[in-house]
Amino acid sequence: MLNYEQARSKVIEQVGKMRGPRACGSVSVWEALGLVLAQEIKTDREYPPFDRSTRDGYAVRAGEIKPEAQLKCAGEIKAGDTVTEALAPRTCVQIMTGAAVPAGADAVVMIEYTQREGELVRFERGAQAGQNIVPRGSEARAGQMILKPGMRLGFAELALAAQVGATQLQCAKRPRMAILSTGDEVVLIDQQPGAFQIRNSNSVSLAAQVQIAGGEPVVLGNAADRVEDLGEKIERGLKEDALVLTGGVSMGKYDLVESMLKALGAEFFFDAVAIRPGKPAVFAICQGKPVFGLPGNPVSTMVTFQLFVTPAIDLLSGAEAHPLPLVEARLAEALNERPGLTHFLPARIEWHGTVPEVKALKWQGSGDIAALAGAHCFLVVPAEREKLAAGESVSVLLRKDVV
Ligand code: AMP
Ligand code: MG
């Protein structure tokens, strides 16, 4: 049985092979958050476009400034002012943050280190050439590529595009992820379930996870545990970029997903992973499309989505697969888990100073959505470990939506 890293690698390897040119479209910079760029963005000019002062103070020739030096102030320059005149020798000019440093000046002395008496400025300390000035072109040259195809657009990337005037961006279309739940016991969320039925909450969590990962959810509802209904809905799902099923992948008599996929010609890369929850997770390619069969227990569905489906969405968007958002934290309370499988326990992080401390939450197993609803992360208990002591350093898999 593969461990979760091996299983993730299989997904990345197989879906990575499918990365071709993707459908894209022009999107306003206001709408492009989270999309993957499908073009190069180049600067329209040098950045900064002029020698920029990073402080409020006085523009000077550094060689003229010794402690107690006094210079005449020849004027002032605000951010946005057009600067054409060079700084005359033995003078200084008052300058504001963001303003252009005049020719001749090679340093800005912070106003805090000066005293002004009428037209005269007294300097309390010496100056070094270059101080408090960002030279023209030092952040980027004119025509330099600053954003590449395949980059995911977060707030900083969008600001960079806006800075160079790229207001419309060619972006990859979000991969359309078909979501199909299975099970005779499952009813629509707006229906009153019978005493032994449950509402289809998995389709809701999956649609949310698809969106967080950068995909477009295509919710296909629920298939009964019967060959005809399941087969028909799987075929419908295979028309999208990828298909995510929940339920029907365990060993029960009515767990038909694997046999149905097999009948439709699927090639399987795993049908179990050494994790808990989520062990029966399936990954296959069927009719050229990635298909994920996630276990139906809600927490299993959530964990296996994050581990295995998220990288597929990255790759189908034309981006690299994100690394798993694993971070180190200090274990607040000792743990005792059965060895053999890597456990992903719903947990909460508390920040005491700079070191996060993590505590596993009480839960009733993989059906317990309520436990996860208060969790920040999954605490990762390695397969070979049985007892973990309080104070140990452990890995946690962050829930990207709440941390
Ligand atoms: P299965 O993987 O089909 O054996 O399902 C395992 C358990 O997950 C079932 O007992 C259900 O209680 C639950 N389950 C299955 N599908 C869903 C769903 N769509 N929404 C919420 N819970 C589900
Ligand atoms: Mg089922």
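The values are calculated or read from the model by the stated rules, or taken from the named source; none is laboratory data. These numbers were taken from a predicted model, which means no experiment stands behind them. We place every Cβ from the backbone using ideal geometry, glycine too, and count neighbours over all the protein chains shown. Keep in mind that these areas ignore ligands, DNA and RNA; they rest on the heavy atoms of the full protein, side chains included. Shrake-Rupley method; radii C 1.70, N 1.55, O 1.52, S 1.80 Å.
So if each residue of separation counts as 0.36 nm, and I subtract the Cα-Cα distance between Thr84 and Glu320, what length gain in nm does that give? 80.3 nm is the gain from fully extending Thr84 to Glu320. Within the stretch 1-102, the percentage of alpha carbon pairs spaced more than 24 angstrom apart rounds to 58%. Phi angles across the stretch 305-313 convert, under the Karplus curve 6.51 cos²θ - 1.76 cosθ + 1.60 with θ = phi - 60°, into 3J(HN,Hα) values of 4, 4, 6, 10, 7, 3, x, 5, 5 Hz, Gly and Pro given as x. The residue list Gln192, Ala156, Val60 was ranked by how far each Cα lies along the charge dipole of the chain toward its positive end, using unit charges on Cβ atoms, and Val60 comes out on top.
Under 30 Å Cα to Cα from Lys66, which lysines show up? Leave out anything in the same chain fewer than 8 places away. The qualifying lysines are Lys78.
Taken over the alpha carbons of the chain as equal point scatterers, the Debye sum produces base-10 log I(q)/I(0) values at 0.06, 0.15 Å⁻¹ of -0.40, -1.24. Among Val134, Val29, Val303, the largest mean-square fluctuation in a Gaussian network model of the chain (Cα springs under 10 Å) belongs to Val134.
Summing charges over neighbours of Ile65, with a neighbour being any other residue whose Cβ is under 12 Å away from its Cβ, gives +1 when K and R count +1 and D and E count -1.
Per the Debye calculation on the stretch 263-403 with a single equal scatterer at every Cα and no solvent contribution, log₁₀ I(q)/I(0) for q = 0.09, 0.10, 0.14, 0.16 Å⁻¹ amounts to -0.30, -0.37, -0.69, -0.87. Put simply, when 74-83, 188-197, 4-13 are sorted by average Cβ atoms within 10 angstrom per residue, most first, you get 4-13, 74-83, 188-197. Summing +1 for each Lys or Arg and -1 for each Asp or Glu among the other residues whose beta-carbon sits under 12 angstrom from that of Ala208 gives +1.
If you take the charge dipole of the chain about its Cα centre, with +1 on Lys and Arg Cβ and -1 on Asp and Glu Cβ, which of Met177, Ala74, Gln209 is farthest toward its positive end? In the chain, that residue is Ala74.
Here, the stretch 52-134 is characterised by an Rg to Rh ratio of 0.91, where Rg is the alpha-carbon radius of gyration and Rh the Kirkwood radius.
When the helices of the chain are scored as -39500 (n - 2.57) per DSSP H run of n ≥ 4 and the total is divided over every residue, the value at 222 nm lands at -5000 deg cm²/dmol.
In a simple Cβ point-charge model (Lys, Arg +1; Asp, Glu -1; nothing else charged), the chain has a dipole of about 360 debye relative to its Cα centre. Proximity of backbone amide H atoms, modeled 1.01 Å from N, is registered between Val187 and Ile198, Arg199, Asn200 at under 5 Å, excluding neighbours fewer than 5 places apart on the same chain. Applying D = kT/(6 pi eta Rh) to the stretch 344-403, where Rh is the Kirkwood radius over alpha-carbon pairs, T corresponds to 37 °C and eta to 0.692 mPa s, the Stokes-Einstein value obtained is 270 µm²/s. So which of Lys148/Lys233; Lys253/Lys359; Lys10/Lys279; Lys233/Lys262 end up more than 26 Å apart, counting from Cα to Cα? Flagged as over cut-off: Lys148/Lys233; Lys253/Lys359. Residues whose amide H falls under 5 Å from that of Val27, counting only those 5 or more places apart or on a different chain, are Leu169, Gln170, Cys171, with hydrogens built in the peptide plane.
Once C-alpha pairs closer than 8 Å and six or more residues apart are averaged by separation and normalised to the residue number of the chain, the relative contact order reads 16 percent.
Here the stretch 209-239 is scanned for amide nitrogen atoms under 16 Å from the site 7 Å beyond the Cα of Glu31 along Cα-to-Cβ, giving 216. Near Leu230, within a Cβ-to-Cβ distance under 15 Å, what is the net charge of the other residues, with Lys and Arg +1 and Asp and Glu -1? Net charge around Leu230: -4. Subtracting the Cα-Cα distance of Phe270 and Arg226 from their residue separation scaled by 0.36 nm leaves 13.5 nm. Solvent exposure of the chain amounts to 49 Å² per residue of accessible area, where only protein heavy atoms count and the probe is 1.4 Å. Surface composition of the chain: carbon and sulfur make up 52 percent of the accessible area, probe 1.4 Å.
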